[in-house]
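Reviewing the structure listed below.
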Amino acid sequence: MSMLRKLNGPQTMGNSRAFWAGFVAMLAIALLYPAVSDPYDVGNVAYLLIFTLTALGLSLMWGYTGMFSFGQTAFFGVAGYSYGVISINLAASGAMTLLCLLGAIAVAALFALLLGYFLIYGRVSGVFFGIVTFATTLALAAFFGQTAGPEWAIGQARFNGFNGMIGMPPLELPWSGDVIVLEGNALYYFVLGLLLVIYLGLRVLVNSRFGNVLVAIREDPLRTELLGYDVRKYQLVAFVIGSSLAALSGGLYTAWGQFIPPASMGLPAAAMPIIWVAFSGRQDLTATMVGTFLLLLMFQTITVYSQQYALILMGFLLLLTVLLVPSGFVYGIARSLSLIGRRDKPGPEPVLRAGAEGPSS
Amino acid sequence: MFAEAFSIAFQFADVFAFLILAAAGLAIIFGMMGIINMAHGEFITCGIYVTVIAVQHGVPLPLAQALGAVSAGLVGIALERTIIRHLYHRPLDSILATWGISLMVTQGMLIVLGSSWQGIGTPLGSFKVGDYTFSAYRLVLFGAAVGVLAGLYLIFMRTGYGVMARATMQNAAMAKALGVRTERMYAISFGLGAALAGLCGALYAPTMTLIPTMGITFIIESFVTVVVGGANVLLGTAPAGILLAIVRTALNAWYGQIAGQIGLLITVIIVIRILPEGVSGWLSRRER
């Protein structure tokens with residue numbers, strides 16, 4: 001039970017009883033939502049939830065560890081294509097599809113391990129970390145974009161260049177002798193469950209000893225190293241975990257739409273995780289999750305009318321965040337709310353404040 | 001035999017010119033203020049569109065290209081005065097801000113200018129060496145790249161601005177204490193970087209199909225060159241350009257464009273594994 005105690009701690013907002021009461025209420029609403037909504041909307045919310053996983057991964061890497069990765073969509077795409085290649089070639093169905101998803105995440109995690117090794121052990125940090133991961137993402141998008149010919153295939157799985165790979169099976173879950181195809185309500189509950197487990201798991205992780213070291217690295221890598229921690233090992237682990245969450249998003253997305261295009265990796269897609277997380281408040285998991293979901297919902301609503309205007313708004317929000325609330329809007333609002341509530345009993349200041357203005361590591 | 005050798009040299013020069021011209025503006029801004037300008041591609045696009053519009057209104061090409069560079073520079077100064085100057089001590093936030101701007105500009109241009117335009121065609125025709133035909137304009141581009149490097153050297157080593165700019169780059173507080181108007185140095189340098197990006201766009205305008213998102217064509221190459229070059233523009237950019245051009249020319253010849261691009265990336269990752277401060281960091285450490 002010591003694990004559960006780590007759900008609350010210095011590295012997460014919302015440690016109060018009131019927060020958890022609200023959390024349970026939100027969860028109940030989320031669980032009941034399909035009962036009061038039509039299947040199309042439910043599938044759509046599942047689609048939005050899939051992307052919050054990418055954002056949580058970025059929050060861990062960037063907000064907690066101080067590694068500014070532009071590579072989320074790269075791992076998203078690699079996992080998407082891997083899911084396609086594996087599941088199409090195995091003609092997967094039933095529980096096999098879930099193994100394909102795991103395989104796809106493993107491929108992307110291996111890629112993250114390789115890239116992360118070169119960058120982190122090469123002591124690439126700060127701005128350069130962002131640039132190299134960004135260039136990697138764009139190069140991958142360009143690579144998949146030119147795989148149009150029939151020679152670009154692995155086994156039965158054609159890459160189809162700019163149009164993207166199609167024809168992979170949806171996820172299927174064996175359930176008491178029967179098989180449930182994960183779409184509509186079933187997919188919604190599946191993704192909601194995953195998100196719940198991952199959110200709580202990450203909370204435990206960042207409040208554990210490991211997470212405290214990550215935050216120490218964000219605040220001052222040199223000092224952390226002088227305290228005897230192998231900074232690079234911690235960074236690499238955080239990078240692989242964060243990238244794997246993007247990969248999980250990518251695999252789920254591909255299975256959801258049975259489709260993965262190179263455009264899901266390149267610009268402007270690559271800009272989105274950064275905007276979600278920056279706007280929401282990168283140094284807190286809850287702020288990231290809530291803010292990302294709200295932004296996605298808004299973005300989708302406007303996209304119906306004009307994708308260009310939606311993207312302009314996203315760019316504008318990013319600019320506003322940087323100029324007005326560098327630590328993020330949702331984070332800033334939640335913080336001021338919690339300060340108001342605590343006015344009568346002033347607690348100690350948090351030891352590690354948001355490092356938005358400090359030197360990046 | 002000579003024709004083959006010339007062909008290889010020509011391709012090398014072409015790639016080298018592309019890398020240097022694409023990276024120069026980004027490198028100046030990064031070297032001077034430690035800011036990675038994510039809107040770099042949009043300054044290039046600005047140079048391209050101004051050039052093409054001017055040519056379509058009857059302005060001679062060289063003049064139109066100068067116009068393209070100057071207007072990108074002016075936009076750069078305006079941007080520096082309004083937004084960038086608030087972010088000097090927050091390099092990461094400056095990336096985010098310029099990225100937000102980049103996104104807004106690209107999408108805004110898609111709305112205003114539509115998806116594609118008529119290009120203006122490559123001038124100067126072609127010439128033959130042996131059995132191979134070469135575009136004469138590509139030689140102009142190579143000349144321009146060398147000219148940009150020489151020009152930067154002269155500006156930073158031989159002018160009053162150059163001395164003050166380098167002083168600001170090395171120690172802004174000390175430079176300010178000695179009477180250098182560092183704010184102005186930053187504004188001019190950002191403008192210079194933007195103008196060089198505009199020049200890159202202006203020079204490549206005749207060779208490209210016009211779409212508002214074309215700035216991205218230059219982005220990978222420019223970033224990669226700056227990362228390999230390191231913080232010191234004068235020392236790093238040219239050797240980085242040569243190294244990357246060799247890799248790219250070889251891979252392009254054997255495996256095609258995309259292999260060239262991925263090869264560049266792998267080279268960068270290996271280079272920063274060995275030389276974390278880039279070529280210029282390595283060179284300046286050797287000097288000491």
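Put simply, of B:143, B:34, B:114, B:121 the only residue that is of a type in the set (Gly, Ala, Ser) and surrounded by 15 or more Cβ atoms within 10 Å (Cβ to Cβ) is B:34.
Scanning for something out of contact with any Gly (no Cβ under 9 Å at 6 or more places or on another chain) and modelled with pLDDT under 80, does the range B:180-190 turn up at least one residue? No - not one qualifying residue is present in the range B:180-190.
Annotation: of all residues in the range A:184-223 being closer than 20 Å to residue A:55 by Cα and in contact with a strand residue (DSSP E or B) (Cβ under 9 Å, 6 or more places away or on another chain), the one that is modelled with the lowest pLDDT is A:187.
Under the condition of being of a type in the set (S, T, N, Q), facing chain A (nearest Cβ under 10 Å) and in contact with a Leu (Cβ under 6 Å, 6 or more places away or on another chain), the residues counted in the range B:211-234 number 1.
In the range B:247-267, the residues that are at the interface with another protein chain (Cβ under 9 Å from one of its Cβ atoms) form Cβ pairs under 7 Å with partners that are assigned to a helix (DSSP H, G or I) and among the polar types (S, T, N, Q), at six or more places apart or across chains, as follows: B:265/A:136.
Kindly indicate the residue of the range A:148-173 that is away from every other protein chain (no Cβ under 14 Å) and within 21 Å of residue B:216 (Cβ to Cβ) and also farthest from the chain's Cα centre (by Cα) among those meeting that condition. The extreme case among them is A:163. Take residue B:167 and tell me if it is surrounded by fewer than 22 Cβ atoms within 10 Å (Cβ to Cβ), in contact (Cβ under 8 Å) with a residue 24 or more places away in the chain and either closer than 22 Å to residue B:77 by Cα or not hydrophobic (A, V, I, L, M, F, W, C) (or both). It is false that residue B:167 is surrounded by fewer than 22 Cβ atoms within 10 Å (Cβ to Cβ), in contact (Cβ under 8 Å) with a residue 24 or more places away in the chain and either closer than 22 Å to residue B:77 by Cα or not hydrophobic (A, V, I, L, M, F, W, C) (or both). For the range B:192-222, the set of residues classified as surrounded by 24 or more Cβ atoms within 10 Å (Cβ to Cβ) and under 12 Å from residue B:37 (Cβ atoms) consists of B:193, B:194, B:196, B:197, B:215, B:222, listed by residue number.
Against the conditions (1) farther than 30 Å from residue B:270 by Cβ; (2) modelled with pLDDT under 85; (3) not small (Gly, Ala, Ser), residue B:227 satisfies every one except (1).
Residue count for the range B:97-108 satisfying the condition of being among the aliphatic types (A, V, I, L, M) and surrounded by 24 or more Cβ atoms within 10 Å (Cβ to Cβ): 2. On inspection, residue B:214 fails the criterion of being out of contact with any Pro (no Cβ under 6 Å at 6 or more places or on another chain) and modelled with pLDDT of 85 or more. Considering the range B:1-108, the qualifying helices (runs of 4 or more DSSP H), each wholly inside and each with 2 or more residues that are closer than 25 Å to residue A:279 by Cα and modelled with pLDDT of 85 or more, run over B:40-56, B:61-82. Kindly check whether there is at least one residue in the range B:45-66 that is in contact with a Pro (Cβ under 7 Å, 6 or more places away or on another chain), within 14 Å of chain A (Cβ to nearest Cβ) and within 17 Å of residue B:221 (Cβ to Cβ). Scanning the range B:45-66 turns up at least one residue that is in contact with a Pro (Cβ under 7 Å, 6 or more places away or on another chain), within 14 Å of chain A (Cβ to nearest Cβ) and within 17 Å of residue B:221 (Cβ to Cβ). Entry remark, the range B:85-113: residues being away from chain A (no Cβ under 11 Å) and not hydroxyl-bearing (Ser, Thr, Tyr) number 2 in total. When you go through B:185, B:174 one by one, which is the residue that is of a type in the set (A, V, I, L, M, F, W, C), without any contact (Cβ under 8 Å) to a residue 60 or more places away in the chain and not in a loop (DSSP other than H, G, I, E, B)? So the residue among B:185, B:174 that is of a type in the set (A, V, I, L, M, F, W, C), without any contact (Cβ under 8 Å) to a residue 60 or more places away in the chain and not in a loop (DSSP other than H, G, I, E, B) is B:174.
Considering the range A:308-341, the residues that are polar (S, T, N, Q) and facing chain B (nearest Cβ under 8 Å) include one that is surrounded by the most Cβ atoms within 10 Å (Cβ to Cβ), namely A:321.
Listed here are the residues, each with its yes/no results for (1) assigned by TED's automatic domain parsing to the domain that holds residue A:87; (2) surrounded by fewer than 17 Cβ atoms within 10 Å (Cβ to Cβ); (3) not β-branched (Val, Ile, Thr).
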residue: A:155; (1), (2), (3): yes, yes, yes
residue: A:184; (1), (2), (3): yes, yes, yes
residue: A:195; (1), (2), (3): yes, no, yes
residue: A:204; (1), (2), (3): yes, no, no
residue: A:221; (1), (2), (3): yes, no, yes
residue: A:245; (1), (2), (3): yes, no, yes
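Scanning the range B:269-288 for residues that are among the β-branched types (Val, Ile, Thr) and farther than 21 Å from residue A:116 by Cα returns a single hit, B:279.
When we screen B:190, B:134, B:223 for residues that are assigned to a helix (DSSP H, G or I) and farther than 20 Å from residue B:85 by Cβ, the only hit is B:223. Is it true that residue B:231 is among the small types (Gly, Ala, Ser) and in a loop (DSSP other than H, G, I, E, B)? In short, yes.
Selection over the range A:97-139 of residues that are over 26 Å from residue B:261 (Cβ atoms), crowded, with 16+ Cβ neighbours inside 10 Å and not small (Gly, Ala, Ser) gives a count of 5. Residue count for the range A:52-90 under the criterion of being surrounded by fewer than 24 Cβ atoms within 10 Å (Cβ to Cβ) and either in contact (Cβ under 8 Å) with a residue 40 or more places away in the chain or of a type in the set (Phe, Trp, Tyr) (or both): the result is 3. Taking the criterion of being within 14 Å of chain A (Cβ to nearest Cβ), touching a helix residue (DSSP H, G or I) at 6+ places or on another chain (Cβ under 7 Å) and surrounded by fewer than 17 Cβ atoms within 10 Å (Cβ to Cβ), the only residue of the range B:268-288 that qualifies is B:273. Any residue at all in the range A:317-331 that is of a type outside the set (S, T, N, Q), touching a Ser or Thr at 6+ places or on another chain (Cβ under 6 Å) and at pLDDT 90 or above? No, the range A:317-331 has no match at all. Just to be sure, is residue B:41 within 30 Å of residue B:89 (Cβ to Cβ), in contact (Cβ under 8 Å) with a residue 12 or more places away in the chain and surrounded by fewer than 24 Cβ atoms within 10 Å (Cβ to Cβ)? No.
Just for the range B:254-266: of the residues that are surrounded by fewer than 19 Cβ atoms within 10 Å (Cβ to Cβ) and not hydrophobic (A, V, I, L, M, F, W, C), which one is farthest from residue A:138 (Cα to Cα)? So, considering only residues that are surrounded by fewer than 19 Cβ atoms within 10 Å (Cβ to Cβ) and not hydrophobic (A, V, I, L, M, F, W, C), the one farthest from residue A:138 (Cα to Cα) is B:255. Of all the numbered requirements in (1) over 13 Å from the mean Cα position of the chain (by Cα); (2) within 22 Å of residue A:133 (Cα to Cα); (3) touching a residue at least 60 places away in the same chain (Cβ under 8 Å), residue A:279 misses one, and that requirement is (3).
The values are calculated or read from the model by the stated rules, or taken from the named source; none is laboratory data. Because the structure is a prediction, the values reported are computed rather than measured. Counting neighbours? That spans all protein chains shown, and the Cβs are built from the backbone with ideal geometry, glycine included.
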